[in-house]
Amino acid sequence: MVSSAMEAALAAGVAAWAERGGLLFRQARQAASMNQSALAGLSGTSRTTLSAYEHGRKSPTLETAGRILDAAGFRLVLEPKVEFASRETGDGRSFHVPSRLGRLPVAAALGVARLCGRDYDLADRGERRAAYALLLREGTAQEVRDHVDGVLLAELWNELDLPPDIHAEWLPVVEEARHGAGVVQ
């Protein structure tokens, strides 16, 4: 038997997903420069139903969500979740290690990272090496997520100057990426 607290938590989770799904549909529609009527017509649904999806009042089936996103020029994909573990160095400083390495859009992977008051041009190999070493030693989980590309890290790995304890914690993730199983698109 499900308790009322569990039912309430489940209902809140469903409502949150409906809201996020609505935002996803709005973003896809706006990126495609379409109004609701145009997208509804192309996807085989009504404008009022699409509006209800966008405002989180209704939740579409997976098939319907895929059809709407496809009509807007997007794909519905399954993406592995990347979680971070906090670790401590021998001298008590914390650093963050992901469960797997992700791929960044080209503009982010080769863009500019502002770290510790300095800009790093990630398109420049030397600056990327310095930025990655700093990120792996001191970056927050969000900074690592935003600026470290899995393939570029694996390619630079042997050139990074890292303390032994940080190197040891990151090595399994990098090795998994090097063997093709650990970099998520």
Practice problem: Search the structure for amide H atoms under 5 Å from the amide H of Leu101, placed 1.01 Å from N in the peptide plane, and list their residues when 5 or more places away or on another chain. | Solution: Val184
Quiz item: Can you list, bin by bin at 10 Å, the percent of alpha carbon pairs in the chain, starting at 0?
Solution: 9, 27, 22, 23, 16, 3, 0
Quiz item: What does the charge dipole of the chain about its Cα centre add up to, to the nearest 20 debye, if the Cβ of each Lys and Arg holds +1 and the Cβ of each Asp and Glu holds -1?
Solution: 920
Quiz item: Expressed in nm to one decimal, what extension gain is obtained for the pair Asp121 and Ser4 from 0.36 nm per residue of sequence separation less their Cα-Cα distance?
Solution: 36.9 nm
Quiz item: What is the gain in length, in nm to one decimal, between Leu62 and Arg100 on full extension, counting 0.36 nm per residue of separation less the C-alpha to C-alpha distance?
Solution: 11.0 nm
Exercise. Place +1 on the Cβ of every Lys and Arg and -1 on the Cβ of every Asp and Glu in the chain, take the dipole about the Cα centre, and give the residue among Cys116, Ala40, Val173 whose Cα lies farthest towards its positive end.
Key: Ala40
Exercise. Please report, in whole Å, how far the alpha carbons of region 130-181 spread along each principal axis, starting with the longest.
Key: 26, 24, 16
Quiz item: Quick one: if you stick a label point 7 Å off each Cα along the C-beta vector at Arg114 and Ala168, how many nm between them?
Solution: 3.7
Exercise. Could you pull out every residue, at least 5 positions away or on a different chain, whose amide H is within less than 5 Å of the one on Met34? Hs are placed 1.01 Å off N in the peptide plane, and Pro or chain starts have none.
Key: none
Quiz item: So what's the angle, to the nearest 10 degrees on a 0 to 90 scale, between helix 62-71 and the longest Cα principal axis of the chain?
Solution: 80
Quiz item: What is the extension gain from Glu155 to Ala130, computed as 0.36 nm multiplied by their sequence separation minus the C-alpha to C-alpha distance, in nm to one decimal?
Solution: 7.6 nm
Exercise. Could you size up the charge dipole of region 99-146 around its Cα centre, putting +1 on the beta carbon of Lys and Arg and -1 on that of Asp and Glu, and report it in debye to the nearest 20?
Key: 220
Exercise. Over all alpha-carbon pairs in region 33-80, figure out the percentage whose distance exceeds 17 Å.
Key: 28
Quiz item: Taking a spot 7 Å from the Cα of Ser46 along the direction of its beta carbon, which residues of region 54-75 have an amide N less than 18 Å from it?
Solution: 54-61, 64-65, 68
Quiz prompt | Heavy-atom accessible area order for His55, His167, His96, largest first, 1.4 Å probe | solution = His55, His167, His96
Self-check item: Cα-centred dipole magnitude for region 133-178, charges only on beta-carbon of K, R (+1) and D, E (-1), debye, nearest 20
Solution: 60
Quiz item: What does the convex hull of the alpha-carbon atoms of region 84-185 project to on average, in nm²?
Solution: 5.9
Quiz item: Under 5 Å between amide H atoms, partner at least 5 residues away or on a different chain: which partners does Leu115 have, H built in plane at 1.01 Å?
Solution: Tyr120
Quiz prompt | Pair-distance profile P(r), taking every C-alpha pair of region 32-132, with 10 angstrom steps and integer % | solution = 12, 25, 21, 21, 17, 3, 0
Quiz item: Residue farthest toward the positive end of the dipole of region 50-185, with Cβ of Lys/Arg at +1 and Asp/Glu at -1: which of Leu152, Leu78, Leu162?
Solution: Leu78
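The values are calculated or read from the model by the stated rules, or taken from the named source; none is laboratory data. Being a predicted model, the structure only gives us computed values, none of them experimental. All Cβ positions, even for glycine, are placed from backbone atoms using ideal geometry, and neighbour counts span all protein chains on display. These area figures cover heavy atoms from the full protein model, side chains too; ligands, DNA and RNA do not enter into them. Shrake-Rupley method; radii C 1.70, N 1.55, O 1.52, S 1.80 Å.
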